[in-house]
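Peer 1: One structure, as structure tokens, below. Some questions next.
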Amino acid sequence: MSKAITFSEYGSPEVLRLSEVSPPEPGPGQVRIRVRAASVNPLDIKIRSGLMAGTVPAHFPVLPGLDAAGVVDSVGDGAEVATGDEVLGATVGGSYGEYALLDQAVAKPGSLSWEVAASLVTVGRTAVRVLGELGVRAGQTLLVHGAAGSVGFLAVQLAVARGITVVGTVGGHDIERVTALGATTVRYGDGWAERVKAAAGEVDFVFDASGAGVLADSVALTGDPGKVITIADMSAARHGVRFSAGTTDRSGQSLPELVQLAAAGKLTVPMWRTYPLAEAARAHTDLEARRNHGKAVLLP
């Protein structure tokens, strides 16, 4: 038996329990890892609370978590890695445990910490996916709401590297670090649209990673709801805006490139703090209260 976090009903963070579970067995092409770090994502919280019950119904008990990094300890038929390899990837059946399964394991470079390796998966792929869905190109202007958040921070870096002019809405304490990425920053809150116009003029596309009620004004800025995508505002349909869901890019091939960029110091993942596995409920509480300024990671 091994330890894992599970929940057997929707609810507040207190439904998360440290449980004894059987380690999963890898199927064809899969690997089992001894988890060294597991990322905590906003989607984990939405699933636990029941907010996603209509689209991602739970089959209790649930072992939450989307991505992890660790050491391969068991290999399924046809898997292309070996026992002892250090890898990362999206998990099958949850990541908040001592063991997890990966379908597509990506090698972890030695220069990449376990915490960053686990944190890069979902947020990096989400940033790549949405930039692709928007179709924004070099020379155009992209507004990123929540530019200091985990997904927004990566989206800013990837867009700037592609020659896209980026404007990011941030809190006052994040202006310096987002500006350092090559973006123009404006404070969020009342009057943000006017500040964006003053700073950047016309905006071609909007990537809402904040869910802070900015869709109506974002559509007004672009003049076209088809040029706005949110990953965080469930009212998207009321504004004619696309809600981008899922945990990977369409091709599924972006993660190795993201890993190499991060290992080379060309892509920074904003890290906040780590928690012991048993304190998963506290991690969820902190994220729900928006105390974090970067990724939260569980360490089994």
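Peer 1: Looking at the stretch 29-46 only, could you name the residues that are over 16 Å from residue 90 (Cα atoms) and at pLDDT 95 or above? Write out each step before concluding.
Peer 2: Start the filter on the stretch 29-46 by keeping residues that are over 16 Å from residue 90 (Cα atoms), which leaves 45-46.
Selection gives 45 alone.
Peer 1: For the stretch 9-28, give me each residue that is in contact with a Lys or Arg (Cβ under 8 Å, 6 or more places away or on another chain) and either farther than 14 Å from residue 282 by Cα or surrounded by fewer than 16 Cβ atoms within 10 Å (Cβ to Cβ) (or both). Break it down stepwise before answering.
Peer 2: Step one: of the stretch 9-28, the residues in contact with a Lys or Arg (Cβ under 8 Å, 6 or more places away or on another chain) are 10-11, 13, 15-16, 18-21, 23-26.
10, 11, 19, 20, 21, 23, 24, 25, 26 - these are the residues of the stretch 9-28 that are in contact with a Lys or Arg (Cβ under 8 Å, 6 or more places away or on another chain) and either farther than 14 Å from residue 282 by Cα or surrounded by fewer than 16 Cβ atoms within 10 Å (Cβ to Cβ) (or both).
Peer 1: Before we move on, is residue 106 β-branched (Val, Ile, Thr) and either touching an Asp or Glu at 6+ places or on another chain (Cβ under 8 Å) or surrounded by fewer than 24 Cβ atoms within 10 Å (Cβ to Cβ) (or both)? Give the derivation first.
Peer 2: Numbers: β-branched (Val, Ile, Thr): yes; either touching an Asp or Glu at 6+ places or on another chain (Cβ under 8 Å) or surrounded by fewer than 24 Cβ atoms within 10 Å (Cβ to Cβ) (or both): yes.
So residue 106 passes the test.
Peer 1: Please specify each residue of the stretch 43-74 satisfying the condition of being within 20 Å of residue 114 (Cα to Cα) and either surrounded by 24 or more Cβ atoms within 10 Å (Cβ to Cβ) or in contact with a helix residue (DSSP H, G or I) (Cβ under 8 Å, 6 or more places away or on another chain) (or both). Reasoning before the result, please.
Peer 2: In the first step, residues of the stretch 43-74 are kept if they are within 20 Å of residue 114 (Cα to Cα); the result is 44, 64-74.
44, 64, 65, 66, 67, 68, 69, 70, listed by residue number.
Peer 1: Looking only at the stretch 94-147, which residues are among the β-branched types (Val, Ile, Thr) and under 14 Å from the mean Cα position of the chain (by Cα)? Spell out the reasoning first.
Peer 2: Of the stretch 94-147, the ones among the β-branched types (Val, Ile, Thr) are 106, 116, 121-123, 126, 128, 130, 136, 141, 144.
Listed by number, the residues that qualify are 116, 121, 122, 123, 126, 128, 130.
Peer 1: Need a quick list: helices (runs of 4 or more DSSP H) entirely within the stretch 204-300 having at least 1 residues that are assigned by TED's automatic domain parsing to the domain that holds residue 140 and either under 17 Å from the mean Cα position of the chain (by Cα) or small (Gly, Ala, Ser) (or both). Walk me through it before giving the result.
Peer 2: Working: elements: 215-222, 254-263, 280-288.
It comes to 215-222.
Peer 1: Now a separate question. Checking residue 55 against (1) modelled with pLDDT of 95 or more; (2) assigned to a loop (DSSP other than H, G, I, E, B); (3) β-branched (Val, Ile, Thr), only one condition comes out false. Which one?
Peer 2: (1)
Peer 1: Kindly indicate whether residue 167 is at pLDDT 95 or above, assigned to a helix (DSSP H, G or I), surrounded by 22 or more Cβ atoms within 10 Å (Cβ to Cβ) and of a type in the set (Val, Ile, Thr). Break it down into steps so the answer makes sense when it comes.
Peer 2: Details: at pLDDT 95 or above: yes; assigned to a helix (DSSP H, G or I): no; surrounded by 22 or more Cβ atoms within 10 Å (Cβ to Cβ): yes; of a type in the set (Val, Ile, Thr): yes.
For residue 167, the condition - at pLDDT 95 or above, assigned to a helix (DSSP H, G or I), surrounded by 22 or more Cβ atoms within 10 Å (Cβ to Cβ) and of a type in the set (Val, Ile, Thr) - is not met.
The values are calculated or read from the model by the stated rules, or taken from the named source; none is laboratory data. Bear in mind the structure is a predicted one, so any value in this text is a computation, not a measurement. Here the Cβ is made from the backbone with ideal geometry for all residues, glycine too, and neighbour counts use every protein chain on show.
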